[in-house]
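Engineer: Here's a structure for you.
Every number in this text was worked out from the coordinates using simple rules, so none of it is lab data. Model, not experiment: these values are computed from the prediction. Heads up, the Cβs are rebuilt from the backbone with ideal geometry, glycines too, and the neighbour counts pull from every protein chain shown.
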Amino acid sequence: MSFSTDNIITAIGTHRERVALIAEHDGTVPAAYRKAEQRWDAWIEATNDQPLTELTDAYADGADETTLATLRAAALIAEVATPVQLATVRNSVAPAAHAALRAAYAPQAVKNYAKIAAQYDSAAAEFTRLAQIIDPETDAKHLVSADEDTRRAWLEAELITGKLDTLATVLADAALLAGTNTNGDPALIGLLTDPKSAHRRRVWEAWNSNGRCGKWSALLALDVDLRAADLDEHRPYREPRPLEVQHIRGNFGVRSVTVDPEDDDPTSSVDLRDGEQLVTLI
């Protein structure tokens, strides 16, 4: 089997898994897609059959000569073919099967994305509402004197976090099947959030947060909107540029400081002492 064929067979399995996950979340699977799945499954099942057993059973059942001749030919081929040759024949239709699955699902792809996006937006809105009642990252010890609504909001926020995590995965799959690249964190941040004018490095730090409610509460703390992007407007959110080292010359030589090029004014955080100035060293 060639490497490319291996990839296509894997792609068939992955495509079906994504469609199944979307179906679990109220997505619609076209009848043509189910038919394409059944045809692929039938092909794989047929190629796993044992021709000698089929020939014997057919003879015992009184099959006609034409059927017996066909089965005899298949049995002879199976007896002399190597496993690699048999696999090559079995997998020969994989590209056509993959294309058929993609074509059958395509008419429903954008509609399914819209369905999942609505669920994600609803969960995001609920999480945002709860976070306005109490910071989800609040330490539990501070809830002792809190009222019932506040304690409930704190508990429910963690439950909604799990829902957001799940829907984020389903939404990314739905977008991918609709032709939008969702591979990698830049694409996912652009798909799931609107950072607006938030500091780029802080957004990325929040995205990788490991707090009680993970990235979701950290992003809200930066005033980042949690929302599903319109596919036509989706843009990856680039990573922050590397921190830069700048040099300061003063009365006693040169010292180095680190500045963030993502700041509006990267040098605004540099504390210059009397007689010092920023310089560029070649």
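Engineer: Determine which lysines satisfy two conditions relative to K215: a Cα distance under 21 Å, and not lying fewer than 8 residues away in the same chain.
Structural biologist: Counting by Cα, and skipping residues close in sequence, K215 has these lysines nearby: K163, K196.
Engineer: Return the calculated 222 nm mean residue ellipticity for the chain, to the nearest 500 deg cm²/dmol, obtained by summing -39500 (n - 2.57) across DSSP H runs with n ≥ 4 and dividing by the residue count.
Structural biologist: My calculation for the chain gives -20000 deg cm²/dmol from helical runs alone.
Engineer: Could you give the length gained by full extension between I44 and A125, i.e. 0.36 nm per residue of separation minus their alpha carbon distance, to one decimal place?
Structural biologist: 24.7 nm
Engineer: With Cα extents along the principal axes in Å as the read-out, I listed (1) 55, 50, 42; (2) 75, 38, 32; (3) 103, 61, 36; which label goes with the value calculated from this structure?
Structural biologist: So the calculated entry is the one marked (3).
Engineer: Right, here's the next one. Show the residues, 5+ positions off or on another chain, whose built amide H is closer than 5 Å to the amide H of A228.
Structural biologist: D121
Engineer: Label L155 and D26 with points 7 Å out from Cα along Cα→Cβ: what is the distance between them in nm?
Structural biologist: About 2.6 nm, to one decimal.
Engineer: Neighbour counts of other C-beta atoms within 10 Å: give me V279, V170, V19, V29 arranged from fewest to most.
Structural biologist: Fewest to most other Cβ atoms nearby, the residues stand as V279, V29, V170, V19.
Engineer: Among the aspartates and glutamates, which have Cα under 15 Å from the Cα of K115 when same-chain residues fewer than 8 positions away are ignored?
Structural biologist: E24, D26, D173, D230
Engineer: Further question: Between L76 and D61, how many nm apart are label points set 7 Å from Cα along the C-beta direction?
Structural biologist: The modelled label-to-label distance comes out at 2.3 nm.
Engineer: Exactly which trypsin sites (Lys or Arg not before Pro) in the stretch 194-272 are in a DSSP loop and have at most 10 other Cβ atoms within 10 Å?
Structural biologist: For trypsin sites (Lys or Arg not before Pro) across the stretch 194-272 that sit outside H, G, I, E and B with at most 10 neighbouring Cβ atoms in 10 Å, the list reads K196.
Engineer: Something else: Give the Rg (one decimal place) followed by the Dmax (whole number) of the stretch 3-101, computed from C-alpha coordinates and expressed in Å.
Structural biologist: 17.2, 51
Engineer: Report the per residue volume, in Å³, of the convex hull enclosing the C-alpha atoms of the stretch 149-282.
Structural biologist: So the per-residue Cα hull volume is 156 Å³.
Engineer: Here is a follow-up. What's the extension gain from D225 to E244 if we count 0.36 nm per residue and subtract their Cα-Cα distance?
Structural biologist: Gain on stretching D225 to E244: 3.9 nm.
Engineer: Within the chain, which complete DSSP H helices have Cα atoms spanning at least 27 Å along the helix axis and a mean Kyte-Doolittle hydropathy of -0.5 or higher?
Structural biologist: Those that pass (Cα extent of 27 Å or more, hydropathy at least -0.5) are 3-24, 94-133, 148-177.
Engineer: Right, next: Kindly state, to the nearest 0.05, the FRET efficiency for V270 paired with D147, given R0 = 35 Å and r defined as their beta-carbon distance.
Structural biologist: 0.15
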